[in-house]
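No value in this document is a laboratory result; all are computed from the given coordinates. Note that this is a predicted model, so its numbers are computed, not measured. Cβ placement follows ideal geometry from the backbone for every residue including glycine, while neighbour counts extend to all protein chains displayed.
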Amino acid sequence: MSSTIKAKSLKDVLLIHELTFILLVILAGTAGVIGMRIWDQSSQESQRINLMVQEIQQTRGDLYRQMKELFDMYFLKDPQAQEEYNVYTHSIDAHFQKLLELTVDEEEKTAITELHASYQAFVVETQDIFSRPQDFNNESLEKALNTHLESGIFHRYEIISARAERLLLLKQNELSSRLEDVKHTSITLLMIPIGLAILLLLFSRIFLKRAIVRPIHNVLHATREISAGNLGHKAPEEGVAELAALSLAINAMAEELNHSQEALVRSEKQAALGLLVPMLAHNIRNPLASIRATAQVADSDALDQETRDSLVAIISTVDRLDRWTRALLAYLHPLKPQPTPTSLSHILKGALIPLEPKIREKQLTIELPEWLELDDSMFTDENLLEQALYNVLLNAAEASPAGSALVIRCHAFTDSLELAILDEGPGMPFTPDPHAISPGPTTKRFGTGLGIPFAFKVMEALSGNIRFNPRLKGGTSTEIQLPRHHLQD
């Protein structure tokens, strides 16, 4: 992604996606385990309560059977009644033992203990009847059985038994309510990972579309555009880090191809010009030499002034054409610097000598650096640098108005020298292009447009740099930076 936030790599995104998926699985599993555990505990609790209710009901049933055996012994004279009675006594004691084992809190234990105590009171009372039958006549026995046992102790036992059953029933209802809550909680816990999974699915779809699908589509579109020759097309640097890096590499490749294409076109045009111009210059310069010689021979004091002016104009025009062809040949000729020890002041002096007529003609003032205060020694190609400086100074002199100043400044550094040429002309109407394939535009009537390109070419050959900047109050500042020691290839 082309933003201040660093794009995540596809590896990191996949890791996050996998960890999120594992987290959802863990959440779903945890919810299921918790729900199953709570459900299992509730089921066990429900079974315990149901078993206690069954035990209480069985004790009541066995108690009724004991009462029956007691009636059978006295009213039906059943000889096995007491034995059967004792069997039920042991059975009821076992039920109470089981009930005490099933209790889980003091409330339940107290209810069962109270119920057991009520039963023990019944047993004690009936033991008296079994052990002292002679003390009871029919009336007193009927009273003991019907009134004291059935209406008293047994009725009290029923009340305590009903209270214990209500306690267990209340717990059963609470358990049912808790099971319902557990059911809702389990459903909620299961819905959370399901909802998160749906969100993850939607997010994954949106993310894949934005971070992978769309960037891949843009990359494919960019490759099609570049393969079709549109080297200026840029692939958006978006998506995951790998795709952003791929887009960056494609853009860099397209830019390199564009530069290579421009260099190839420049080389091909230079090669074509290199083949055409020498032949053209040869075919032009020979007739020009003949024309100039004929004009010089024809010039005589015997001719009228108009004819003599025409001959001078012919000679001047031939000279301009000759300079044009020489400059064109020099521009196209490969430059091979031949460095020698020299100084910048010496080179600049040599460049200014041919300009003296122009300087006198326009009455220009030349301001030179204080060379005695500078170490301007160099190891460079004196001839090439002098020719380049001549072209730059010639442009500055021709652009300067009559009577103005042409200021030359120099700054010396350990490894380089910086030269600035300041004129007071109208400024350059165009920005010179150091990579231009053909000669640049010119503001002079008979200019070739090769002066600045030739200067650029010399600076490149000498590992220097030249810049043309407008001045605030008008004019142009030409800044040249050169190494003190030119290293040959």
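Taking amide H as placed 1.01 Å from N in the peptide plane, the amide H of His485 sits under 5 Å from that of Phe379, each at least 5 places away or on another chain. The equivalent ellipsoid that matches the C-alpha gyration tensor of segment 355-436 spans semi-axes of 23, 18, 13 angstrom, in descending order.
Taking 0.36 nm per residue of sequence separation and removing the Cα-Cα distance, the Thr113/Arg409 pair yields an extension gain of 94.7 nm. Cβ-to-Cβ counts within 10 Å put Val33, Val182 in ascending order as Val33, Val182, the fewest first.
Under 14 Å of direct C-alpha separation, and excluding same-chain neighbours fewer than eight residues apart, Lys11 reaches these aspartates and glutamates: Glu242. Label sites at Asp181 and Ala298, each approximated as a point 7 angstrom past Cα along Cα to Cβ, lie 12.5 nm apart. The fraction of Cα-Cα pairs per 5 angstrom bin, counted from 0 for segment 335-483, comes to 2, 9, 19, 24, 22, 15, 7, 2, 0 percent, rounded to whole percents. With a Förster radius of 25 Å applied to the beta-carbon distance between Ile359 and Lys336, the computed FRET efficiency rounds to 0.20. As a rough footprinting exposure proxy, the listed residues Asp40, Asp301 were ranked by other beta carbons within 10 Å of their own, and the order from fewest upward is Asp301, Asp40. Computing FRET efficiency as 1/(1 + (r/R0)^6) for His259 and Thr223, where r is the C-beta to C-beta distance and R0 is 22 Å, gives about 0.75. Within the set Lys362/Lys457; Lys209/Lys234; Lys349/Lys473, which residue pairs have Cα atoms separated by over 25 Å? Correct reply: Lys362/Lys457; Lys349/Lys473. Efficiency by 1/(1 + (r/R0)^6): what FRET value for Ile216 and Leu14, r their Cβ-Cβ distance, R0 = 22 Å, to the nearest 0.05? Plugging the Cβ-Cβ distance into 1/(1 + (r/R0)^6) gives 0.90. Segment Ala289..Gln305, full-extension length gain: 3.4 nm, with 0.36 nm per residue of separation and the alpha-carbon distance subtracted.
Modelled this way, with points 7 Å down the Cα-to-C-beta line, the labels at Val104 and Ile194 are 2.9 nm from one another.
Here's the picture: charge each Lys and Arg Cβ at +1 and each Asp and Glu Cβ at -1 in segment 10-213, and of Phe21, His95, Thr126 the one pushed furthest to the positive end of that dipole is Phe21. The ranking of Lys457, Lys358 from fewest to most other beta carbons within 10 Å of each one's beta carbon is Lys358, Lys457.
Considering only the Cα atoms of segment 10-213, their convex hull presents on average a projected area of 15.6 nm².
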